[in-house]
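**Student:** Take this structure, written in structure tokens, and hold onto it; I'll ask about it next.
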Amino acid sequence: MISLFGKKPSKRDEARATAKAEYEEALNADVATRAGRAVVVRAGARAKAHLDKTFISGAEKADAYDTARALAIARGEDAPERPHADMYQTIKSIKGDLLVFMPVHFAEKVFRAGMQYQLTEIGAQEAIEIAQDVADMVSRELQLDQAFVALEFLREELAAEGGGEAAETPESEPEETPPPAPDLPPPRGR
């Protein structure tokens, strides 16, 4: 492939073009066929990994941004621009590292949620809800039969902490409450 200016694109540019083309292929796949479903399922798994990595990236960049912003304010300087999500993430696959694409409007929502969570502007449950809303939108866009579960690692962390914000008790308890499932912590009382 040669660009308009006669220069060969870099390997990074080629990988990005391939990642975006694979996502677009999934958008246009015929889910009525076995091959089309396979393309969509693979894209869904990649989108899930991308979403999780984007959330983590937002959380990691939040601390650096918050520190830089505080230093700038202390010096009387303008605060730095907030970091933004990357449409491309490198994920691990059976064949090694793989570059994956997600449209920026999806990536940015999850990235912001990661930043807000890290800076304690939102709690874990709200972060999960935001990420799951995005996962639901991506899943619909990709025509997945079922939406993938976003931020399983954070859900597991909440469960390990005794439910945290993830378990809510209904306003009125039934007369007799069945025992909780063995692998789930009991709901916290209000």
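**Student:** Across 10 Å bins from the origin, how do the percents of Cα pairs in the range 26-165 run, short distances first?
**Tutor:** Reading the bins upward from 0: 12, 36, 31, 15, 5, 1, 0.
**Student:** In whole Hz, with x marking every Gly and Pro, tabulate ³J(HN,Hα) for the range 93-100 from phi via Karplus 6.51 cos²θ - 1.76 cosθ + 1.60, θ = phi - 60°.
**Tutor:** Using θ = phi - 60°, the values come out as 9, 4, 8, x, 5, 9, 8, 10 Hz.
**Student:** Straight-line reach from Lys53: which lysines have Cα under 19 Å away, leaving out those fewer than 8 places along the same chain?
**Tutor:** Lys20, Lys61, Lys92, Lys95, Lys109
**Student:** When the dipole is taken about the Cα centre of the range 1-143, and only Lys, Arg (+1) and Asp, Glu (-1) are charged at their Cβ, what size is it in debye, to the nearest 20?
**Tutor:** Details: 21 positive and 22 negative charges, 151 e Å.
The calculated dipole for the range 1-143 is roughly 720 debye.
**Student:** Sticking with this structure for a sec: Sorting check: for 24-33, 48-57, which peptide has the highest mean count of neighbouring beta carbons within 10 Å, and how do the rest follow? Provide the component values of the computation, followed by the final result.
**Tutor:** On the way: 24-33: 13.7, 48-57: 22.9.
Listed from highest to lowest mean packing, they are 48-57, 24-33.
**Student:** Here's something else I'd like to know. Work out Dmax and Rg for the range 66-133 from the C-alpha atoms and quote the Rg first, both in angstrom.
**Tutor:** In Å, with Rg to one decimal and Dmax whole: 15.5, 50.
**Student:** If you put +1 on each Lys and Arg Cβ and -1 on each Asp and Glu Cβ, how big is the dipole of the range 52-110 around its Cα centre, in Debye rounded to 20? Could the numbers behind the result be given before it?
**Tutor:** Numbers: 8 positive and 10 negative charges, 41 e Å.
Rounded to the nearest 20 debye, it is 200 debye.
**Student:** By per-residue mean of other Cβ atoms within 10 Å, what is the highest-first order of 99-110, 116-127? Before the final figure, lay out each step's value.
**Tutor:** Details: 99-110: 20.6, 116-127: 16.8.
My ranking of the peptides, most packed first, is 99-110, 116-127.
**Student:** Place +1 on the Cβ of every Lys and Arg and -1 on the Cβ of every Asp and Glu in the range 1-150, take the dipole about the Cα centre, and give the residue among Ser10, Gly114, Ala70 whose Cα lies farthest towards its positive end.
**Tutor:** Most positive-ward Cα: Ser10.
**Student:** Over the range 52-109, what is the mean sequence separation of C-alpha contacts under 8 Å (at least six apart), divided by residue count, expressed as relative contact order in percent? Write down the numbers at each step before the final one.
**Tutor:** Working: 48 pairs, mean separation 16.2, N = 58.
Relative contact order comes out at 28 percent.
Here, each number is a calculation from the coordinates, and none is a lab measurement. All values reported here derive from a predicted model rather than from experimental measurement. Cβ atoms come from the backbone with ideal geometry, glycine included; neighbour counts cover every protein chain shown.
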